[in-house]
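Written out below as structure tokens is the structure these notes cover.
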Amino acid sequence: MDIELYILPPLFTLPSVSGSCIAALSLCHLSLTKSSFKVIESTDLSIGLPALKSNGKWHRGYTNIKNFLVDQDDIDDFLTPKQKADTIAWGSLIEDLGETLTVCQQ
């Protein structure tokens, strides 16, 4: 599998300037082996960062990346229904507020 994760570059010792990019990177580390994906730092906002490209298909945004990774290996499989609901709520928060550093930086 050829997977590329596109994220905004690091800032302030964080792996990325974007919260949603950091969250997507963390999900990739939890779901995939380190050798199975490549991280590409990009400032091209037209890509829809964070963005994951797998076998030529794009998955843009934290939620879409998480859905793709769940299809590969459901890291939430052991969670209770309430815990799964909480992960959906946290994912929504990440989508809404995850770009705060990016907006402040511009």
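The values are calculated or read from the model by the stated rules, or taken from the named source; none is laboratory data. Just so you know, these numbers come straight off a predicted model, no measurement behind them. With ideal geometry, Cβ positions are generated from the backbone for all residues, glycine too; neighbour counts draw on all protein chains shown. The protein model used for the area step is the full one, side chains on, heavy atoms only, and it has no ligands, DNA or RNA in it. Shrake-Rupley method; radii C 1.70, N 1.55, O 1.52, S 1.80 Å.
The portion of the accessible surface of the chain made up by carbon and sulfur, rounded to a whole percent, is 57 (1.4 Å probe; DNA, RNA and ligands excluded).
For the stretch 16-41, the residues whose backbone nitrogen is under 15 Å from a point 7 Å from the Cα of Phe78, taken along Cα to Cβ, are 30-31. For the stretch 1-101, the Cα-based Rg and Dmax, in that order, read 13.1, 38 Å.
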